[in-house]
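Structure first, then comments.
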Amino acid sequence: MKESKRLKFPNKSLLLAAFATCIGGTFQCGYNISVINAPTMHVQAFINRTWSDRYQANISENALTLLWSTIVSIFTLGGLLGVTIGGTLSVKLGRKGTLLSNNLFSLTAALLMGLSSSVGLFEFLIIGRFLIGINAGIGLCVEPMFLGEISPTAFRGALGSGTSIFLTVGILSGQVMGLNEVLGEEQFWPYLLSTTCIPAILQLLILPWFPESPRYLLIDKGDEEGCKNALRQLHGLDDCDSSLEDIQKEKSNLAGFQAKKPWELFADRSLRWQLLTIIVINMAQQLNGVNAMYFYADYVFLQSGIPLDKTPYATVGTGACECFTALTCGLLIECLGRKVLITGGYILMSICCIFFTLTLAFQNVSPVFPYLSVACVFAFVLSFGLGPGGVTNILNNELFTQTARPAAFMIAGTVNWLSFFLVGLLFPFIVIGLQHYCFLVFFVVCSSVAIYILLVVPETKNKTFVEIQNEFKSMNHKFPSE
């Protein structure tokens, strides 16, 4: 009885290490996705003034739109670069070393964006957003990997969900900080954008007190003593022996293998189902319509009678909903498992797509429909947070062993950021062409992914990385490549 009680809660040291990892990783990413929205008008006014002072002429509307779009979207290009180097850095510098070094990008970005107004250089905003994008890309690549490797098998899902919890908390924090009552006034926008240094400083103060990934120390570096010390600190004295045995078993399985490159994964037939799975779920995470739902949120809030100046608070409400469901996902994932949550999430999102299309089509038929549309927005966001938003990164980590994991995260991250960029590029045209019927496209995406996961992806709850690999090996025998 005592044993089971003790296992109900992770070691405090492990929780603090996870907090330090997430605050400078996915929190930072989420914060910088949302914080740029609030000062849109103020930054555009600054660009106009700077252009006028520099060239003695007002900037054209097209040039202003182009510069603003560049400031916003270059974050995505930085993220794409970040994921392509994140896996390599995690092998060379270690998981912890990469996370700590990554803060150099966010501190430099905060400095440049904070100084941009006083020195009259809007170019600093472009460079700063690119650097903070690199930071986000590296963080999204290395943080889930580190969390998965420092966690005991029993808590791997719960701690892995910290990635999505902190991402949503970061998005919500950016929305709150941008309110007029906080730093949303015109004179404060440089301070608002430079607050990205706070999570970086927190990580630099806390994370150095915790060890490198035990798996990295033993499997990649061959440091058994360092691995034991790390396990004692992170898992406690009583649980470190079973964790060490699990890592040693994985090491003996990988004897003679070195860290793989991304192109080597594509050439390895034994990994084809895992690789296809992470490509499908990472594409779907961006193409499932959640960004479209946020795009329509302001419209449906206005239609339901919420005044224009109050819609930012309603948007904060949707962010709070996503935080709540990400936290709920973290609590449920070790009870219900990964497969139930992610499949259930996509099924619920498919249903919401149908209802949202219908309620938007009948907006003017009855005063009830705008309120039903609002309910659909919240239901869709809740379904996303409970399933795909929380589980995707955990599966990215669990479907691969140590030598393939960094390359797998590079592939998953590249697919994710490219899909994010594609949605930003094509979504406005999809809306113009299909209007609210665009959600039927998202219905096809969500339902197709739900069917794929049901048929292909095994449950990974409470299984070691070696056991998960063996499940996929048996699938390869069922569906031979030749």
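The values are calculated or read from the model by the stated rules, or taken from the named source; none is laboratory data. Given the structure is predicted, the values throughout are model-derived calculations rather than measurements. Cβ sites come from the backbone with ideal geometry, for glycine too, and all protein chains shown count toward neighbours. Surface accessibility is based on the protein's heavy atoms, side chains included, excluding ligands, DNA and RNA. Shrake-Rupley method; radii C 1.70, N 1.55, O 1.52, S 1.80 Å.
A quick yes/no check of all residues on (1) more than 16 Å from Phe465 (Cβ to Cβ); (2) surrounded by fewer than 20 Cβ atoms within 10 Å (Cβ to Cβ); (3) among the basic types (Lys, Arg):
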position	(1), (2), (3)
Gln203	yes, no, no
Ile206	yes, yes, no
Ile219	no, no, no
Gly222	yes, yes, no
Gly226	yes, yes, no
Cys240	yes, no, no
Ile247	no, no, no
Glu250	no, yes, no
Leu254	no, yes, no
Members of region 131-163 found to be in a helix (DSSP H, G or I), within 20 Å of Asn462 (Cβ to Cβ) and not hydrophobic (A, V, I, L, M, F, W, C), listed by number: Pro144, Gly148, Glu149, Thr153, Arg156, Gly157, Gly160, Gly162, Thr163
Whichever residue in region 284-313 is in a helix (DSSP H, G or I) and free of Cβ contacts under 8 Å to residues at least 24 places away in the same chain and, among such residues, is least open to solvent (accessible area, probe 1.4 Å): Thr311
Qualifying position, being open to solvent by less than 10 Å² (accessible area, probe 1.4 Å), among the hydrophobic types (A, V, I, L, M, F, W, C) and within 30 Å of Glu264 (Cβ to Cβ), among Val445, Val415, Val457: Val457
Index of the failed condition, Leu360 passing every other in (1) at pLDDT 90 or above; (2) buried (at least 17 other Cβ atoms within 10 Å of the Cβ); (3) more than 23 Å from the chain's Cα centre (by Cα): (1)
Condition met for Val431 (modelled with pLDDT of 90 or more and assigned to a helix (DSSP H, G or I)): no
Filter result (in contact with a Pro (Cβ under 8 Å, 6 or more places away or on another chain), open to solvent by less than 10 Å² (accessible area, probe 1.4 Å) and aliphatic (A, V, I, L, M)) within region 141-165: Met145, Ile150
Out of Ile132, Ile138, Ile85, sole residue that is open to solvent by 10 Å² or more (accessible area, probe 1.4 Å), among the aliphatic types (A, V, I, L, M) and under 27 Å from Gly424 (Cβ atoms): Ile85
Residue within region 418-425 that is under 23 Å from Lys260 (Cα atoms) and open to solvent by less than 10 Å² (accessible area, probe 1.4 Å) present: no
Close pairs from region 256-283: first open to solvent by 80 Å² or more (accessible area, probe 1.4 Å), partner of a type in the set (Val, Ile, Thr) and at pLDDT below 90, Cβ under 8 Å, at least 6 apart: Phe257/Thr403; Gln258/Thr403
In region 2-16, residue nearest to Leu237 (Cα to Cα) [restricted to those that are of a type in the set (D, E, K, R) and modelled with pLDDT of 50 or more]: Lys12
Pairs where the first residue, in region 48-67, is free of Cβ contacts under 8 Å to residues at least 60 places away in the same chain and the second is open to solvent by 40 Å² or more (accessible area, probe 1.4 Å) and outside any helix (DSSP H, G or I), C-beta under 7 Å, 6+ apart: Asn48/Asn58; Ser52/Asn58
